[in-house]
Amino acid sequence: MRKFSSRKGALGATRRPGAAAGHQVDAVPRLGPAGAVEEPSVEGKAASRPRRADAPAASASRPLRLRDALRGQARVVGVLLAWSVLEAGQTFLLGYALARAMDDGFLRGRQGTGLWWLGLAAVGVPVGAYGTGRVFRGVAALVEPLRDRLVRRVVRRGLGDAVRGGGSGAARPADSAVVSRLTHQVEIARDAFGGLVMVLRSFVFTAAGALAGMIALAPVLLLVVLPPLAAGVGLFVAALRPLARRQDRFLSADEAVAEECGELAAGLRDITACGAREPMAARADVRIEAAQRAARSLARFGVVRTAALAIGGQLPLVLLLLTAPWLLSSHRVTPGALLGAFAYLTQSLQPALQNLLHTLGAAGTRLGVILARLTAPEPPEAPELPEPPAPPAVTATEPGLALQLRRLTFAYGPGAEPVLRDLDLGVAQGEHLAVVGPSGTGKSTLAGLVAGLLRPAAGEVRRNGEVVLVPQEAYVFRGTVAENVGYLRPEAGPDDVLAAVAAVGADALVAALGGPEGAVDPAELSAGERQLLALARTYAARGRIVVLDEATCHLDAAAEARAERAFAARPATTLLVVAHRISSARRADRTLVLDGPRTVCAPHDTLLAASPLYRDLTAAWSPAPAG
């Protein structure tokens, strides 16, 4: 049965930081007294999520829509409309007073009349501003109830999730998204709704004031201005629904990237220890590429907004300029009326239309998406899924062997070329085996297969004892030396800790840290010092098969030799070393040279005569002073 160990330290489960170095109990399959195997998952915390059959029914609440926010707010809406009339009046007065000042005043030599009309237009500015200020107060009374309603829904849903999770008897991960909904998303919805109300109201009353002014000046002006204005607004309104869909896809893709990166960051140590960096990076790339596609699709749709603004805001101005000679020559439009129409277009309609398109295109679509997300009925939980089939039982090795590989084949992906193919190998109990080969030949892959962190595509791995894997990246955590060294063996006493420390040559380091009760700060240790503590932790553990995957690469040759000899001399211990220096191969009883179909395993002297690759590696490696 695939499951996590209940102990702290299991991959993907809650554990002290740094516990991944030396995966004796929690990171490798365990061979119990009856031969039962427990294999950890390398799929991160998603694999540890409980599956429930008693999924609750979906919430009866339906998504909140914009018109729901206005329900019961008739009085507030009426106040907003009343104060908005002042803003429409200011817009009307702007062009009309300018036209009268030109036609009745300045063009007839009546300077006083012209100044009087201009003064009247100036008086309309503070009056309109006062009305706008009163509108802001009314919008606050309209927006805050929406915010309170959203907060109540989010809190009710979050508490419901927690109660259902607790009552089920199964562990249920906390929904951290509730915090985002209560703070960031609710505030976005409130601000977007307030901005949307202000802009829609402003556009409606500004357009009404401007069009009323044109009717008062010369109704024929509407024939020039109104068709392109209506076409531009209509084009954008027709594009709102597809724009909202693209906004929704963009937000979903963005959330998927954030969730994926959070999970990768939380499981980074386990991913490194499992050698799963490439598949995890590929999975993250899929999310990032989806987010890029969604962002490009959303950006391309911004062209529609630009086209709508050009048609509704710029085209009426061009048409008015083109038709100006005809309008003036036909005496249907006076020079003042034409000037007033230009003022309506440039000072009122164009800015109002630009604000409308920008707000609807950004805040409007985002508001609709967020309201749907915050108030959508909770989907029912997935029914209980059947457990995946248990891996084949690991049978005992042949007599005298600690580790046995039979026709072992492994590839990273169904269509990938196998890294290892049909590998047969037997490692005797107490034997010291080194593994060498060029980069990419499968040395770390072999270590992961031996430790049980990877599952072979074909063949089998037989182990006679527990396996301890020490990866290249050494993990230590804040705490005492004794806590770090004894982590995989909680019952270890001070003498056991000191014996392990002395065996691997970490006694000077531990003395400098203050002894077994000295404090360990990972940031203050070098990479080599962290490796020494990880090696001491592994030495103190009870695993009988020790796999060192370049676990001494940050040590000098003498320290590396001492650590390897300590594990080789450790009672009832089988040692497999992915070699970092040729001296490791010379110390080993045998060396496995990974060279594709020319893979060979033999003692050092035999390999010098039998393996050209081994001779090349020996020549390329600098001689080590300790060997």
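Only the coordinates and a few stated rules stand behind these numbers; no lab work does. Quantities reported herein were computed from a predicted structural model and do not represent experimental measurements. Backbone-built Cβ (ideal geometry, glycine too); neighbour counts: all protein chains shown.
Cβ neighbours within 10 Å, averaged per peptide: list 234-240, 428-434 in order, most packed at the top. Before the final figure, lay out each step's value.
Working: 234-240: 15.7, 428-434: 19.9.
The peptides rank, most packed first, as 428-434, 234-240.
The packing ranking, built from the mean of other Cβ atoms within 10 Å per residue, places the peptides 551-559, 78-86 in the order 551-559, 78-86, highest first. The A230 and R300 beta-carbon pair, evaluated with R₀ = 25 Å, returns a calculated FRET efficiency of approximately 0.50.
Count charges around V578 for me, please; just the other residues with Cβ under 9 Å from its Cβ, Lys/Arg as +1, Asp/Glu as -1.
-1
Computed from label points 7 Å out along Cα-Cβ, the spacing between R75 and A266 is 4.8 nm.
As an exercise, identify the GluC sites (Glu not before Pro) in the range 458-515 lying in DSSP coil whose Cβ has no more than 15 other Cβ atoms within 10 Å.
Values: sites: E460, E466, E473, E483, E491; in loops: E466, E473, E491.
Sites meeting the loop and neighbour criteria: E491.
The trypsin sites (Lys or Arg not before Pro) of the range 443-482 that meet both conditions, a loop assignment by DSSP and at most 16 other Cβ atoms within 10 Å of the site Cβ, are R478. Put a dot 7 Å past the Cα of T409, heading toward its Cβ, do the same for A282, and the two dots end up 1.8 nm apart.
Work out the FRET efficiency for S526 and D616 from their Cβ-Cβ distance, taking R0 = 35 Å, and round it to the nearest 0.05.
Values: r = 32 Å, r/R0 = 0.91.
E between S526 and D616, to the nearest 0.05, is 0.65.
Give the value in nm², to one decimal: projected area of the alpha carbon convex hull of the range 482-625, averaged over all directions. Write down the numbers at each step before the final one.
Working: hull surface 37.9 nm².
It is 9.5 nm².
State whether the range 405-530 is rounded, prolate or oblate according to the following rule on the C-alpha gyration tensor (a ≥ b ≥ c being the square roots of its eigenvalues): a/c under 1.5 gives rounded; otherwise a/b larger than b/c gives prolate, and the remaining case gives oblate. Taking the square roots of the gyration eigenvalues as a ≥ b ≥ c, the range 405-530 is prolate.
Around A253, with a cut-off of 10 angstrom between Cβ atoms, what is the net charge of the other residues, counting Lys and Arg +1 and Asp and Glu -1?
Values: positive: R249, R287, R293; negative: D248, D254, E255, E289.
Value of the local net charge: -1.
For the pair V318 and D254, label points projected 7 Å from Cα toward Cβ lie 3.4 nm apart.
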